[in-house]
Structure formats: structure tokens, C-alpha cells
Amino acid sequence: MDFRIKILGNNAAVPAHGRNQTSQLVIIHNQYLLLDCGENTQQTLLKSKVNINKIHHIFISHLHGDHYYGLMGLISTMQLFGRKRELSIYAPTILKEIIDLNLKASDTRLNFPITFLSLDQINQGIILDHKHFIVKHFPLTHRIVCNGFLIKEKSKPYRIVKEKLHRGIKLSHIAQFLKGNDARDDEGHLLYSKEDYTLPPKRSLSYAYCSDTVFDVNIIPTIKGVDVLYHESTFLDDLKDRAKDTFHSTASQAATIAKKANVGKLYLGHYSTRYKEIEPFLDEARQIFQNSFLSLEGEEITIAEPK
Ligand SMILES: [Zn+2]
């Protein structure tokens, strides 16, 4: 099944050098999850040919403008496009007031319901429990309250080896195999062993999104072993004092977190406008963690089991 991330923006603070502010679209098991919503998000969604009314869930990490100023425009367009389907928003509490005030000022009554989940009113844990995956939030250390998000597939079923099936195998037996059980009769006697008809499940894949954060090893237990980690890298290491003062990270700090957390791949982003060229971010990160990459607007990242 699909597990993809479209990068919709990767710059910090303001649009510059052809780069826009932070936003990502995660597509997982046919669900569309938007992570942050910088002001240009609609434009990059259009360029990516994404139907915005397919977005089910929007997660806003924190309320610095470069992470959510695109949200009201997006909601407005959803309305103009005739949305009826419920929209879920997961964000710091005050965002609800901001949305409500905007709607009140423009005398807009939405034709679709918004379900708002206040992240600061629930402890770290599962905020979205889908049939095939979960989303958790966890605290990041930034100038204002900020959340990271962990998206993880649930355990997958055993895989049936179709060539081995025969007339004796009934649907009820297959249902048992999918759960990883042997097929047994009503008295509990073994009929068919799962080892003969199945392969073990595929691994559950995971993605961690760390938007704005100072270098903080406390996040490592939460993101340990994820297949892909996005970790902000606003600065290069020569400005690590500035990174600390502004509660941001450098490329080598992001790579250090990736290495310590033993992740599969690291994607960098949230590049400061002072950098026209972003290749040096990659060079710096790869000195510490080889499997580092730049997040680039318009690019799609596929999360898959390593071959
Ligand atoms: Zn911020």
C-alpha cells in the first residue's frame, strides 16, 4: 500500500530563492494528511495535481506563521469547491479561535464540519487511530509550544501463498492464517499449519516529522528506528549558536539525531533564507549520517521496506 510524502515547501520564515514555507502531504493507505500549511501550500498542491478536497486531516505543529498562514485560504477554497466531507484539524488550541474569527469576519458558514483536536489538551499519544495506521504527537522544544508527529502503520496481516491453497482450505481457515494462527477444527485439533500456507507479514513502516526544534536528544526514544525522519535544519553548523538562540537546529545536529535514533533515511528542510544554495546542508549532514537527503519542493518521497 501507498506510503508517500509530497514536499510542498521547505524554506524557513519567508519565501525565497524559489522555495516556499513548510508543508508536506502524506499519503498513506489512501488517506491524505497535510503536515503544516505555509502560505503557498495551495499553489504547490495545485502544481502537484492534488485534489485538495481529498485532504482528510491537517496537522499544525505550531503557530509560527510560516507553518500555518496558508490554512484559511485552503479552508476557503475547500468551501468554494463544494466540500461536504468532514475535515479534521489537529493543532494548538488557540488556532480554533483564529479560524472561528476569520469565518465570523467574512460571514462564512462552512458547508462541511471541522473537527478540531487541541493538541495541548491531550498528553503525548495517539491522536489518530485509523484501521491501517496511527498518528502520535510528541513535544518539540521551540520558542513556542510545538509538536512533532509520528505516523506509523499498524501490524500487517500474514501473507497467503496462493499457489499452496487447495480445496480443503476454507475461507475461515484463511481468516485464521491472516491473523497468524493455525487452522483448527472446533475441538481445537490442528488442521493446517500456518507455516505451510503463509509468509510472515511485511514490516510496518513509519515516518517522523520534526518541524521546528532546537537540538534535543529527548526526542530520540520516540523516533527510534523510523524508516524516514524529517528533521529541520535551519542553519549550517557555523551558526550553531544562532540555532540555539532561536530554538532551531543545524544540518549536523539533525544528522546526529538521525544517527543516534538509528533511522533509515534523514530528510533536511526549513532552510534559512540566508542560504541561496542548499547543497552545503547535505554535505554537512552526510559527514555524520550518510543516508541524508535534502527535502526539495515538488519532490515525492516513497516510504518502502528496504530491499
Ligand atoms: Zn517556528
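Worth pointing out:
- For D237, the stated conditions do not hold, so it cannot be described as farther than 17 Å from D66 by Cβ, acidic (D, E) and within 16 Å of the ligand (Cβ to nearest atom).
- Check on V135, within 16 Å of the ligand (Cβ to nearest atom), hydrophobic (A, V, I, L, M, F, W, C) and in contact (Cβ under 8 Å) with a residue 12 or more places away in the chain: no
- On the stretch given as the stretch 254-273, residues that are within 16 Å of the ligand (Cβ to nearest atom) and over 18 Å from I5 (Cβ atoms) total 2.
- Restricting G148, G125 to residues that are of a type outside the set (A, V, I, L, M), touching a strand residue (DSSP E or B) at 6+ places or on another chain (Cβ under 7 Å) and within 16 Å of the ligand (Cβ to nearest atom) narrows the list to G148.
- Residue check for T115: at pLDDT 95 or above, away from the ligand (no atom under 16 Å from the Cβ) and of a type outside the set (F, W, Y): yes
- All conditions in (1) farther than 14 Å from L33 by Cβ; (2) buried (at least 19 other Cβ atoms within 10 Å of the Cβ) hold for Q124, with the sole exception of (2).
- Screening the stretch 1-116 for helices (runs of 4 or more DSSP H) wholly inside it with 1 or more residues that are surrounded by 21 or more Cβ atoms within 10 Å (Cβ to Cβ) returns the ranges 41-47, 71-80.
- Qualifying residue in the stretch 62-71 (condition: in the same structural domain as L266 (by TED's automatic domain parsing), within 28 Å of N111 (Cβ to Cβ) and touching a His at 6+ places or on another chain (Cβ under 6 Å)): no
- Residues that are more than 16 Å from the ligand (Cβ to nearest atom), under 20 Å from I7 (Cβ atoms) and aliphatic (A, V, I, L, M), drawn from the stretch 52-95: I52, I55, I58, L74
The values are calculated or read from the model by the stated rules, or taken from the named source; none is laboratory data. None of these values were measured; they are calculated from a predicted model. Quick reminder, even Gly has a Cβ in these numbers, built from the backbone with ideal geometry, and neighbours come from all protein chains shown.
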